[in-house]
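These notes concern the structure reproduced below.
The values are calculated or read from the model by the stated rules, or taken from the named source; none is laboratory data. From a predicted model like this one, the values you see are computed outputs, not experimental measurements. Virtual Cβ from ideal backbone geometry, glycine too; neighbours counted across all protein chains shown.
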Amino acid sequence: MIRDKYINLVLLILKMTSSTETYEGMIDVCIKLNLDSTIPCSHSKNAKIVLKKIFENAKKDVFILDANLDPEIYEDIYVVDSAKDFLKKEKTRLIIALDDFASIDDILERFFIYKLKKNLDLKEKFRLYDATNCSDFRHYMVMDEIGYRQEYSSPKKIALANFADRKDVAYRLHHDFIRLIDKSRRIELQKPL
């Protein structure tokens, strides 16, 4: 009981500070102690840290539902490298469903997709889906049914993350995603010759 109050106080202090190192440290504390704590991550610099941590800590699955993979976030070299490192682990997979993009050619040339699809060893563990007619436009990233980052629609963009969810949010997002890709069209990563 005292331990939980102390941890919550430390997390509150860390949430109130704005430095990148402190923010990343707060996430590391949550992961290490397996804390069911919701972390705000609306700002792009925080979103990059959360994505990197999701890739670093996922054991099996990372699923992403997004509009078009915002370059400000997904072209960060640390995000790309952590995704590649995740896919190098045994029995892992990354599945991305996109629900609002200009063209398939544009998506295939995005830095994040390009870097992952060019590595032949990784491409079998990496799939891309067109969910333009299937999505409810709720964007999120989920790892192993236990962690997530979810964006909420409002006049001001709000996003929250949790690395040890015990409220079944990650579990529901994981299974919603599987249902979504069942209705979506797979995008081939290589252009036809």
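Here are the numbers:
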| item | result |
| --- | --- |
| Which listed residue is part of a loop (DSSP other than H, G, I, E, B), surrounded by 18 or more Cβ atoms within 10 Å (Cβ to Cβ) and at pLDDT below 95, from 37, 42 | 37 |
| Lone unmet requirement of (1) in contact with a strand residue (DSSP E or B) (Cβ under 6 Å, 6 or more places away or on another chain); (2) more than 13 Å from residue 69 (Cα to Cα); (3) not small (Gly, Ala, Ser) for residue 139 | (2) |
| Residue 116 vs. criteria modelled with pLDDT under 90, of a type in the set (A, V, I, L, M) and either surrounded by 17 or more Cβ atoms within 10 Å (Cβ to Cβ) or in contact with a strand residue (DSSP E or B) (Cβ under 9 Å, 6 or more places away or on another chain) (or both) | yes |
| Criterion (β-branched (Val, Ile, Thr), surrounded by 13 or more Cβ atoms within 10 Å (Cβ to Cβ) and modelled with pLDDT of 90 or more) met by exactly one of 107, 77, 95, 7 | 95 |
| Any hit, the range 87-107, residues being in contact (Cβ under 8 Å) with a residue 24 or more places away in the chain, of a type in the set (A, V, I, L, M, F, W, C), farther than 21 Å from residue 144 by Cα and in contact with a helix residue (DSSP H, G or I) (Cβ under 8 Å, 6 or more places away or on another chain) | yes |
| The lone exception for residue 21 - which of (1) buried (at least 18 other Cβ atoms within 10 Å of the Cβ); (2) modelled with pLDDT under 85 it fails | (1) |
| Single condition residue 163 does not satisfy, out of (1) touching a Gly at 6+ places or on another chain (Cβ under 7 Å); (2) within 11 Å of residue 65 (Cβ to Cβ) | (2) |
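This table checks each residue for (1) touching a Lys or Arg at 6+ places or on another chain (Cβ under 8 Å); (2) more than 30 Å from residue 183 (Cβ to Cβ); (3) free of Cβ contacts under 8 Å to residues at least 24 places away in the same chain.
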| residue | (1), (2), (3) |
| --- | --- |
| 21 | no, yes, yes |
| 40 | yes, yes, no |
| 60 | yes, no, no |
| 72 | no, no, no |
| 117 | yes, no, no |
